[in-house]
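Comments concern the structure below.
The values are calculated or read from the model by the stated rules, or taken from the named source; none is laboratory data. What you see is a predicted model, and the numbers here were worked out from it, not measured in a lab. As a convention, Cβ positions derive from the backbone with ideal geometry for all residues, glycine included, and neighbour counts pool all protein chains shown. Protein only, heavy atoms only, side chains kept; ligands, DNA and RNA dropped before computing areas. Shrake-Rupley method; radii C 1.70, N 1.55, O 1.52, S 1.80 Å.
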Amino acid sequence: MKTVPDLESQFTRLKLRPLTGSLGADIVGINLNAVDEELIAQVQLALDHYHVIAVRNQNLDPASLHEVARRFGPFTGNPVHIPLDGFDDIVRFTRSAADRGPVVGEDLHMDMPWMEIPPATTMLYGEEIPPVGGDTLFTSLSAAYEGLSETMRSIINDLMGIHSGKGVFALNASHRALSVKSNAQAIDDIETEHPLVCVHPTTGRRHLLLSAALCRFTGMTEAESMPIINLLMSHAQRVEYTCRLRWEPGTLAMWSNQCLMHAAINDYPGQRRVVLRTTIAGPPPKAASAAECSP
Ligand code: SIN
């Protein structure tokens, strides 16, 4: 976490407990079924600075999650998953006790980085949570950027990354519990360009826009790009840039999707875990180099 003078004093309506020195905070003492503009603004402020927040002790269903999510912004669309009946913007991920093999999202990733404008925020609500296990791991792409040497930063600052949708359809279709849209295979052909080094729209803090879908840099071959991508991916996974969110039933997690990567931890065999997901649109990624030039 970058220290911001007087940040804590702005949270007059909620109790906030940071999870680690790099990112993440628990929030208690609010009821998302009864929010007003001031409270929404304080939760958004916490999200902008901590990048992942866990709002504890909520009582949400698809209808109320939909209501809460839309207070924070419009739905991004989801070209991959078939949503719940009656709610275009909500998907349920169910892992039953009998399921074996990979869980949804178990490799470190960003949600839908191959979209023209990747989700600004992902919301995940814990409906049923195992007594132990099933945490979500996050790694801060701001802390990772700040942890690079000045020389490395100057090498990568102006790079444009190409994020590919290849494999997204097959990976999602392989999960028995996920219903994938019939036209989702077209995602395989998507290649989208984003700046590698971006600035957060409200804090101005720099972050890498790095994901498992990043396949090369504009103007460079794959052979030239991959060593840099591999270096950044392994650097971004250093333990000091991470936090683990421990779920409880009724936890609503919100994360700044473009500023971190996350992974669902597959360590609860024989247990059931059910979460609801929606995504919130925001501004397009803004290149740090462009931000420097603008007034
Ligand atoms: C996801 O990657 O969106 C799912 C994360 C989780 O289930 O913890």
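Looking only at segment 230-243, decide whether some residue is in a strand (DSSP E or B) and under 29 Å from VAL43 (Cα atoms). Yes: one or more hits.
Within segment 198-209, can one find any residue that is in a strand (DSSP E or B), touching an Asp or Glu at 6+ places or on another chain (Cβ under 8 Å) and at pLDDT 95 or above? Even if it seems obvious, please write down each step before you answer.
Here is the first cut: in segment 198-209, the ones in a strand (DSSP E or B) are 198-199, 206-208.
This time we only want the ones that are touching an Asp or Glu at 6+ places or on another chain (Cβ under 8 Å), so: 206.
If we keep only those that are at pLDDT 95 or above too, we end up with 206.
There is at least one residue in segment 198-209 that is in a strand (DSSP E or B), touching an Asp or Glu at 6+ places or on another chain (Cβ under 8 Å) and at pLDDT 95 or above.
Checked against the criteria, PRO201 counts as open to solvent by 70 Å² or more (accessible area, probe 1.4 Å) and in contact with a helix residue (DSSP H, G or I) (Cβ under 9 Å, 6 or more places away or on another chain). Taking each residue of segment 216-236 that is at pLDDT 95 or above and looking for partners that are outside any helix (DSSP H, G or I) and open to solvent by 80 Å² or more (accessible area, probe 1.4 Å) with beta-carbon atoms closer than 8 Å, six or more apart or interchain, yields THR218/GLU193.
Among the criteria (1) touching a Gly at 6+ places or on another chain (Cβ under 8 Å); (2) of a type outside the set (Lys, Arg); (3) within 13 Å of the ligand (Cβ to nearest atom), the one LEU210 does not fulfil is (3). Considering segment 9-31, and only residues there that are open to solvent by less than 70 Å² (accessible area, probe 1.4 Å) and part of a strand (DSSP E or B), the residue that is farthest from ALA41 (Cα to Cα) turns out to be PRO18. A count restricted to segment 78-98 and to residues that are open to solvent by less than 20 Å² (accessible area, probe 1.4 Å) and either assigned to a loop (DSSP other than H, G, I, E, B) or away from the ligand (no atom under 15 Å from the Cβ) (or both) stands at 4. Only residues that are more than 26 Å from GLY29 (Cα to Cα) and outside any loop (DSSP other than H, G, I, E, B) were counted in segment 56-77, giving 1. Within segment 275-290, the set of residues being within 27 Å of SER96 (Cβ to Cβ), of a type outside the set (Ser, Thr, Tyr) and more than 10 Å from the ligand (Cβ to nearest atom) comprises just one member, LEU276.
To keep it simple, each residue is scored yes or no on (1) more than 21 Å from ALA281 (Cβ to Cβ); (2) of a type outside the set (A, V, I, L, M, F, W, C); (3) open to solvent by 60 Å² or more (accessible area, probe 1.4 Å).
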{"residue": "HIS109", "(1), (2), (3)": "no, yes, no"}
{"residue": "PRO119", "(1), (2), (3)": "no, yes, no"}
{"residue": "VAL132", "(1), (2), (3)": "yes, no, yes"}
{"residue": "LEU137", "(1), (2), (3)": "yes, no, no"}
{"residue": "GLY147", "(1), (2), (3)": "yes, yes, no"}
{"residue": "THR151", "(1), (2), (3)": "yes, yes, yes"}
{"residue": "GLY161", "(1), (2), (3)": "no, yes, no"}
{"residue": "SER211", "(1), (2), (3)": "no, yes, no"}
{"residue": "CYS215", "(1), (2), (3)": "yes, no, no"}
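Which residues, counting only those in segment 252-267, are within 11 Å of the ligand (Cβ to nearest atom) and either surrounded by 24 or more Cβ atoms within 10 Å (Cβ to Cβ) or not aliphatic (A, V, I, L, M) (or both)? Hits for segment 252-267 are TRP255, ASN257, MET261, HIS262, ASN266. Taking the conditions (1) closer than 30 Å to LEU60 by Cβ; (2) surrounded by fewer than 19 Cβ atoms within 10 Å (Cβ to Cβ); (3) more than 16 Å from the ligand (Cβ to nearest atom); (4) under 21 Å from the mean Cα position of the chain (by Cα) in turn, GLY270 satisfies each one other than (4).
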